Amino acid sequence: MNKDTRIIALTGAGVSAESGIPTFRGKEGLWNRYRVQDLATPEAFTRAPDTVWEWYRYRQELIGKAKPNPAHLALAKMEEIFPEFYLITQNIDGLHQKAGNKRVVELHGNIWEARCIAEGKIIECPPRTGNDPVPYCTCGSMLRPNVVWFGEALPVEALERAYQLVQDCEICFVIGTSSLVYPAAGLPMVAFEAGADIIEVNPAPSPALGISIHIREKAGIAMPVILDEISRTKPV
Ligand code: OAD
């Protein structure tokens, strides 16, 4: 591995689990406690925007208190070491950026942004005012969370960039994702077919294909060890 090695880290909710943010699947997962069709579909928003916003306000509160964990920090350090390191995330929590990563592709949007349902304009999510959890655009239309819901397409630019990056990488870390939700779950296979080595970091097995190395450990434990190992070899 040298300084110019092209490295991708594809992350999912598991990378933020040790920051206290619940994952989606599994026993404690959000989709075990809440119904997707009530909270994370365009139809749910049309039916009850206040319910949907209430849930995103609750999640903002939780995420707002969370700090990057050792996995986020190790990934930020990797970006410093390797000029060709890029992060592709399914997470909407912004913790990678909070840890210091700048080269981040967000596939599922960002919970701190809102989008006008009429104009499509994306702005920083306004804080809640009064009892109404729903924020409004200056044009008078409702704003929605700038996140991808079930049944919606991913932002085209982000997805295209992600495909470019995985097609061109030499090492692809797949960290903390159940690898069940497409198109994100298909990205490691694209990297594999392009000849990259795929390293999965996940305490549980996943259906991901093409993995060269499985590290069955929490990201907050595994990633600092991997970083130490890389730093020890002083890539030039
Ligand atoms: P999931 O909740 O589906 O999966 C989380 C994964 O993280 C599981 O495979 C866990 O085993 C693993 N995990 C748990 N703790 C971990 C830890 N400390 N370190 C490493 N791994 C750990 O979350 P995602 O795969 O991110 O989409 O879910 C993908 C998408 O489904 C999300 O972006 C969201 C969701 O519905 C939308 O909302 C569009």
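Brief remarks on what is shown
- Each Lys and Arg adds +1 at its Cβ and each Asp and Glu adds -1 at its Cβ; summed about the Cα centre, segment 104-236 shows a dipole of about 320 debye.
- Computed with every protein chain present, the accessible area of V36 is close to 30 Å² [probe 1.4 Å].
- Listed residues Y182, N69, Y163: farthest to the positive end of the dipole of the chain (Cβ charges): N69
- Taken over the Cα atoms of the chain, the convex hull encloses 119 Å³ per residue.
- Heavy atoms of D197: accessible area, 1.4 Å probe, square angstrom to 10: 90
- For the set L10, L62, L180, solvent exposure ranked by accessible area (probe 1.4 Å, protein chains only) runs largest to smallest as L180, L62, L10.
- Put M223, M1, M142 in order of accessible area, highest first, and with a 1.4 Å probe you get M1, M142, M223.
- Rounded to the nearest 10 Å², the accessible area of I123 at probe 1.4 Å: 60
- Normalising the Debye intensity of segment 57-143 to I(0), with uniform scatterers on Cα atoms only, and taking log10 at q = 0.11, 0.22 Å⁻¹ returns -0.39, -1.05.
- In the elastic network of the chain, a GNM with C-alpha springs shorter than 10 Å, the most mobile of L39, L209, L95 is L209.
The values are calculated or read from the model by the stated rules, or taken from the named source; none is laboratory data. In this text the structure is predicted, and so the values were computed from the model without any measurement. Here the Cβ is made from the backbone with ideal geometry for all residues, glycine too, and neighbour counts use every protein chain on show. In case anyone asks, the SASA skips ligands and DNA or RNA and just uses the protein heavy atoms, side chains included. Shrake-Rupley method; radii C 1.70, N 1.55, O 1.52, S 1.80 Å.
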